[in-house]
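> Can you keep this structure in mind? I'll have questions shortly.
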Amino acid sequence: MSIIHYKNQFLTALKPLYGVDEALSLFYISTEEVLGLGKIDIAMNPNFVLDSTQETLLNSYKERLENWEPIQYIIGETNFYGLDFKVTRDTLIPRPETEALVDWLVHDLEGKEVSILDLGTGSGCIAISLAKYLPNAKMCAMDFSEKALAIAKQNALKNGVKIEFIQQDILKLSAFETTFDIVVSNPPYVRNLEKEAMRPNVLDYEPDSALFVSDKDPFIFYRKIAELCSKSTPKQLYFEINEYLGEEMKSLVEQLGGTEVELKEDFRGKQRMLKVNF
């Protein structure tokens, strides 16, 4: 079967689920991974003939995508802030919004010798990116999940950075054992009431513990982290936050002793980041 013929089959199957643009993107990601052919390669060679092995593998991708499995889990990796990261169903898939948080820290801290703690590191995308682009920084990363930390350690090795990893449940932590200049966290913040707006590729595959919090206490992780920071007095705390709760977050950290609170919008114009001094 020619690649152009297969493309039509692929899009026919996935357009009803993902829409035209996303289905096209998934097609080219799949062909790049299976065939080593990108969009331009296929445009220049539309009569490229798939062998049976290639067609079988592409079909497996298509079928898994039809079941809403994220392409990042199918491939086993994703790109974040210019770096490649291994991801599994034990780790949240890094988002572009989190890249904006990393970018904020990189610009604020460039050239500075600081110690940074990443709380709830998951795949390690924040800590590893900061270690890569802030070579003068000393990085530490914490997560409660042994499986997530195993992936994060592999990603640190993959990207050639040195990070101290700690397995610890943040909610059970009474104080930081070490003082840090900077604390950064992208904790769970999606309320259960927001699940209705989410697609099966998130709900059915990504780890609930990295995403969701109770509607009754959506600030459980933020409050705990801010309390820990108020005890150990780091210079600054950076959060990724729920876009709907920016002002509430500002009030929360101010009540816990935070000063000079700054809310920052992401590339979509949504309040998704917060910086506060303690």
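> Using a 7 Å offset from the Cα along the Cα-to-Cβ direction at both Arg199 and Lys216, what is the distance between the two label points in nm, to one decimal?
3.3
> Whose amide H sits under 5 Å from the amide H of Glu77, counting only residues 5 or more places off or on another chain, with H placed in the peptide plane?
Val87
> Let me ask something else about it. Name the residues of region 216-241 whose amide N is less than 14 Å from a point 7 angstrom out from the Cα of Asn277 along the C-beta direction?
234-237
> Quick check on the exposure proxy: order Trp104, Trp68 from fewest to most C-beta atoms within 10 angstrom.
Working: Trp104 18, Trp68 15.
By the 10 Å Cβ count, ascending: Trp68, Trp104.
> Kirkwood Rh, region 173-216, all Cα pairs: how many Å? If you can, show how the numbers build up before the last one.
Values: mean 1/r = 0.0784 Å⁻¹.
Final number for the Kirkwood radius of region 173-216 is 12.7 Å.
> Is the C-alpha gyration tensor of region 114-173 telling us rounded, prolate or oblate? Criteria: a/c under 1.5 is rounded; beyond that, a/b larger than b/c is prolate, otherwise oblate.
Working: a/c = 2.53, a/b = 1.36, b/c = 1.85.
Cα axes put region 114-173 in the oblate bin.
> Fewest Cβ neighbours within 10 Å first, please rank Thr56, Thr88 accordingly. Please list the in-between numbers first.
On the way: Thr56 11, Thr88 17.
By the 10 Å Cβ count, ascending, the order reads Thr56, Thr88.
> Another question, then. Relative to the present Cα-Cα distance, how much length would full extension add between Ile74 and Gln167 at 0.36 nm per residue of separation?
Details: separation 93, 0.36 × 93 = 33.48 nm, distance 2.70 nm.
Roughly 30.8 nm would be gained on extension.
> Asp84 versus Ser52, label points 7 Å from Cα toward the beta carbon: distance in nm?
Between Asp84 and Ser52, the simple spin-label model gives 3.0 nm.
> Identify which of Lys264, Lys132, Lys216 has the largest mean-square fluctuation in a Gaussian network model of the chain, with springs joining Cα atoms closer than 10 Å.
Its mean-square fluctuation being the largest, the pick is Lys216.
> Please turn the phi angles of region 171-181 into ³J(HN,Hα) values with the Karplus equation 6.51 cos²θ - 1.76 cosθ + 1.60 (θ = phi - 60°), one per residue in order, whole Hz, x for glycine and proline.
5, 9, 8, 8, 6, 6, 6, 10, 7, 10, 6
> Angle, helix 52-66 long axis vs. longest principal axis of the chain, Cα atoms, 0 to 90°, nearest 10?
That helix lies at roughly 50 degrees to the long axis.
> Something else about it: Taking one equal scatterer on every alpha-carbon of region 77-277, how large is log10 of I(q)/I(0) by Debye at q = 0.12 1/Å?
Debye curve over Cα of region 77-277, log10 I(q)/I(0) at q = 0.12 Å⁻¹: -0.55.
> Fewest Cβ neighbours within 10 Å first, please rank Ser209, Ser30 accordingly. All intermediate terms of the calculation are to be shown ahead of the outcome.
Details: Ser209 14, Ser30 22.
Listing Ser209, Ser30 from fewest to most nearby Cβ atoms yields Ser209, Ser30.
> Under the Karplus relation 6.51 cos²θ - 1.76 cosθ + 1.60, θ = phi - 60°, what is the ordered set of whole-Hz ³J(HN,Hα) values for region 225-239, x standing for Gly and Pro?
So the Karplus estimates, Gly and Pro as x, are 5, 5, 4, 4, 5, 5, 7, 9, 6, x, 5, 8, 10, 10, 10 Hz.
> Could you give the angle, 0 to 90 degrees to the nearest 10, between helix 246-255's Cα long axis and the longest principal axis of the Cα atoms of the chain?
Here the helix axis deviates by roughly 30 degrees.
> Now for a different question. Among DSSP beta bridges lying fully in the chain, give the percent that are antiparallel, nearest 5.
Values: 15 of 34 bridges.
Bridges in the chain are about 45 percent antiparallel.
> Separate question: What does the extension gain come out to for Glu247 and Leu157, with contour length at 0.36 nm per residue minus their alpha carbon separation?
On the way: separation 90, 0.36 × 90 = 32.40 nm, distance 3.85 nm.
Extending this stretch completely gives an extra 28.5 nm.
> Let me ask something additional. Which listed residue (Leu24, Asn47, Leu117) has the Cα farthest towards the positive end of the charge dipole for the chain, taking +1 on Lys and Arg C-beta and -1 on Asp and Glu C-beta about the Cα centre?
Checking the options against the dipole of the chain, the answer is Leu117.
> So what's the net charge close to Asp266: Lys and Arg +1, Asp and Glu -1, counting the other residues with Cβ under 15 Å from its Cβ? Each step should come with its number before you reach the end.
On the way: positive: Arg95, Lys264, Arg268, Lys270, Arg272, Lys275; negative: Glu97, Glu99, Asp103, Glu240, Glu243, Glu262, Glu265.
Spelling it out: positives minus negatives among the neighbours equals -1.
> Which ³J(HN,Hα) values, rounded to whole Hz and listed in residue order, are derived for region 100-109 from phi using the Karplus coefficients 6.51, -1.76 and 1.60 in 6.51 cos²θ - 1.76 cosθ + 1.60 with θ = phi - 60°, glycine and proline given as x?
Result, ordered by residue: 5, 5, 4, 4, 4, 5, 4, 5, 6, 10 Hz.
> First obtain the Kirkwood hydrodynamic radius of region 3-67 from its Cα pairs, then insert it into the Stokes-Einstein equation at 20 °C and 1.002 mPa s, and state the resulting D in µm² per second as a whole number. Could the numbers behind the result be given before it?
Details: Rh = 11.7 Å.
The Stokes-Einstein estimate is 183 µm²/s.
> Still on this structure, please answer the following. Just the number, please: Stokes-Einstein D of region 45-135 in µm²/s, Kirkwood Rh from C-alpha pairs, 4 °C, 1.567 mPa s. Write down the numbers at each step before the final one.
Values: Rh = 15.6 Å.
In µm²/s, the coefficient rounds to 83.
> Most fluctuating residue of Gln168, Gln255, Gln72 in a GNM of the chain with Cα springs under 10 Å: which is it?
Gln255
> Using only Cα atoms, locate the centre of region 136-158 and the centre of region 229-278, then give the distance between them in Å, rounded to an integer.
Each part reduced to its Cα centre gives a spacing of 24 Å.
> Please build a GNM for the chain, connecting alpha carbons under 10 Å apart, and tell me which residue among Val20, Val202, Val102 fluctuates the most.
In this elastic network of the chain, the residue with the biggest mean-square fluctuation among Val20, Val202, Val102 is Val20.
No lab work stands behind these numbers, since they all come straight from the coordinates. Computed from a predicted model, the values in this text were never measured in an experiment. For neighbour counting, all protein chains shown are included, and Cβ atoms are generated from backbone atoms with ideal geometry for every residue, glycine included.
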